[in-house]
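Notes follow the structure.
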Amino acid sequence: MFFFHGILGLEPAEAALIGAAILLIWSREAPEMILEKIEWPPLFFFGGSLSLLGPLSSRGS
């Protein structure tokens, strides 16, 4: 999906979500089992820090 997202007119985030949905359906494993294996604290840390530092870095330009 990442190789063809420009041709298909998709954003990279949309390609990632579509790919994740396809893999989730293809694996036939319960979504609860997959979500339990995700390490949530690092995702929240980086998401929060990027959302806070993004506007600060654009203030200088």
**Q.** Nearest 10 degrees, 0 to 90: helix 12-27 Cα axis against the chain principal axis
**A.** 20
Q) What are the extents of the Cα atoms of the chain along their three principal axes, listed from largest to smallest and rounded to whole Å? A) 48, 34, 11
Q) Given 0.36 nm per residue, what is the gain on full extension from ILE25 to PHE2 after removing their alpha carbon distance, in nm? A) 6.4 nm
Q: Among LEU43, LEU53, ILE18, flag the residue with its Cα farthest along the positive direction of the charge dipole of the chain, charges on Cβ as +1 for Lys/Arg and -1 for Asp/Glu.
A: LEU53
Q: Write out the trypsin sites (Lys or Arg not before Pro) in the chain meeting two conditions: DSSP loop, and at most 11 other Cβ atoms within 10 Å of their Cβ.
A: ARG28
(Q) Could you work out [θ]222 nm for the chain from helices alone, using -39500 (n - 2.57) per DSSP H run of at least four and dividing by all its residues? Round to the nearest 500 deg cm²/dmol. (A) -24000 deg cm²/dmol
Q | Degrees separating the helix 40-59 axis from the principal Cα axis of the chain, which is the longest one | A | 30
Q. If you place +1 on the Cβ of every Lys and Arg, -1 on the Cβ of every Asp and Glu, and leave all else neutral, what size is the dipole of region 5-59 about its Cα centre, to the nearest 20 Debye?
A. 180
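Read the figures in this text as sums done on the coordinates, not as results from a lab. Keep in mind that this is a model prediction, so the values were computed, not measured. All Cβ positions, even for glycine, are placed from backbone atoms using ideal geometry, and neighbour counts span all protein chains on display.
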